[in-house]
Amino acid sequence: MGGKDVIILGIESSCDDTSAAILKNGKIYSNIVANQKVHEEYGGVVPELASRAHQQNIVPVVDKAIKAAGIKKEDLDAVAFTRGPGLMGSLIVGTSFAKSFALGLDIPIINVNHMQGHILAHFIQNEEERYPEFPFICMTVSGGHTQLVLIRDYFDMEILGQTIDDAAGEAFDKAAKIMGLPYPGGPLIDRYAKEGDRKRFPFPISNLKEYNFTFSGLKTSLLYFLKKEVEKDPDFIEKNRNDICASYQSTIIQSLFKKLIQATRDHDIKYVAIAGGVSANSLLRSELERIGRREGWETYIPPFQYCTDNAGMIAIAGHYKYLAGDFADQDITPNARLKF
Ligand code: KG4
Ligand code: ZN
């Protein structure tokens, strides 16, 4: 680029967060996220409400991101947006906005795969200048996905394994719902688990072939276990909440590491990263460090604000696509089931 600055506007609207970020030469200047509170009372994301909230949020969020970065919209070189995977009604809002905004400014648009965005968040400029080296494995664990991905280069990624039913975040959120906790339950289970005994209640650890995961059986076993116990003692959940959370959380984390360790050994990988909302989990983080030391891994955990859905990760993916001259046409449409 011959020393010229590259300034990207990133837009993320795949699920229930409306986000816009400004990235200049790989560095974040602003990263605004508007969370949608409307879903809390339903115990999960309601697609129709999500897309309506995106429509209300998108203009003020982009405006705020541009102002917070201290730039003018005319300074932008490209608009990167999430094309999928995600909820169709949500994706349409971000995609349509990106297209018309870029058209008005006469700048290119760049389509980004949300899952690749989670992984590439590791390349957002950080103070230590510490980034994963290729090839590395990233375990992406969020409310919608659980994947083990082998990354050979920025856009040369192979999914080694994934969940065949619930995502890891879903396993947290559904358990929280069963226990009467609000959505999203992951952070709450994490908090209660800190005070609990993780060996108290044994739950089954999933063990599918190859590098795939399953979590729906675990959720069902929690449901039946609690049903049985609550019949005997109606206050069982309240009295044992910390131990239930610790035991259940530990089972999810053990299932994840079982496959992660297997994948890194089989592919002789020494660089290991985690991404997605569940990588905020404190047991996952401490186990990554502990097991990483044992296995001889270099480990990478993104800062919290880049773990959960945010437009910074879309902007960094857009940055590398911009450098590669990989732009989208104006007739591009969202894809709810977009593959790599
Ligand atoms: O990446 P993300 O923000 O959105 C999706 O793309 O799904 O991930 C949200 C998920 C939710 O399921 C939430 O419960 C989970 O991440 N989560 C956590 C923690 N913080 C967020 N799960 C366990 N422990 C946490 N500390
Ligand atoms: Zn996500």
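List the residue pairs whose Cβ atoms are under 7 Å apart, where the first residue sits in the range 216-235 and is in contact (Cβ under 8 Å) with a residue 12 or more places away in the chain, the second is open to solvent by 50 Å² or more (accessible area, probe 1.4 Å), and the two are 6 or more positions apart or on different chains.
S216/D165; G217/P204; L218/P204; K219/K174; S221/P204; L222/I178; L223/I178; L226/I178
Has the range 260-271 got any residue that is farther than 23 Å from P85 by Cβ, open to solvent by less than 60 Å² (accessible area, probe 1.4 Å), part of a loop (DSSP other than H, G, I, E, B) and assigned by TED's automatic domain parsing to the domain that holds N207?
Yes, some residue in the range 260-271 is farther than 23 Å from P85 by Cβ, open to solvent by less than 60 Å² (accessible area, probe 1.4 Å), part of a loop (DSSP other than H, G, I, E, B) and assigned by TED's automatic domain parsing to the domain that holds N207.
Do we find a residue being under 30 Å from L323 (Cβ atoms), in a loop (DSSP other than H, G, I, E, B) and outside the structural domain of A317 (by TED's automatic domain parsing) anywhere in the range 188-200?
No: the range 188-200 contains no residue that is under 30 Å from L323 (Cβ atoms), in a loop (DSSP other than H, G, I, E, B) and outside the structural domain of A317 (by TED's automatic domain parsing).
Which one is nearest to the chain's Cα centre (by Cα), of the residues in the range 1-19 that are within 16 Å of ligand 1 (Cβ to nearest atom) and hydrophobic (A, V, I, L, M, F, W, C)?
Ranking the candidates gives C15 first.
Any residue at all in the range 279-294 that's more than 15 Å from ligand 1 (Cβ to nearest atom), surrounded by 16 or more Cβ atoms within 10 Å (Cβ to Cβ) and farther than 30 Å from A102 by Cβ?
yes
What residue, of A324, A311, A317, A336, is in contact with a Pro (Cβ under 7 Å, 6 or more places away or on another chain) and either at pLDDT 95 or above or within 13 Å of ligand 1 (Cβ to nearest atom) (or both)?
A336
Determine whether the range 163-173 contains at least one residue that is open to solvent by 50 Å² or more (accessible area, probe 1.4 Å) and within 16 Å of ligand 1 (Cβ to nearest atom).
Yes: one or more hits.
Check whether at least one residue in the range 172-185 is in contact with a Pro (Cβ under 9 Å, 6 or more places away or on another chain) and touching a residue at least 60 places away in the same chain (Cβ under 8 Å), and report yes or no.
Yes, the conditions are met somewhere in the range 172-185.
The values are calculated or read from the model by the stated rules, or taken from the named source; none is laboratory data. Just so it is clear, the model here is predicted, and its values are computed rather than measured. Counting neighbours? That spans all protein chains shown, and the Cβs are built from the backbone with ideal geometry, glycine included. These area figures cover heavy atoms from the full protein model, side chains too; ligands, DNA and RNA do not enter into them. Shrake-Rupley method; radii C 1.70, N 1.55, O 1.52, S 1.80 Å.
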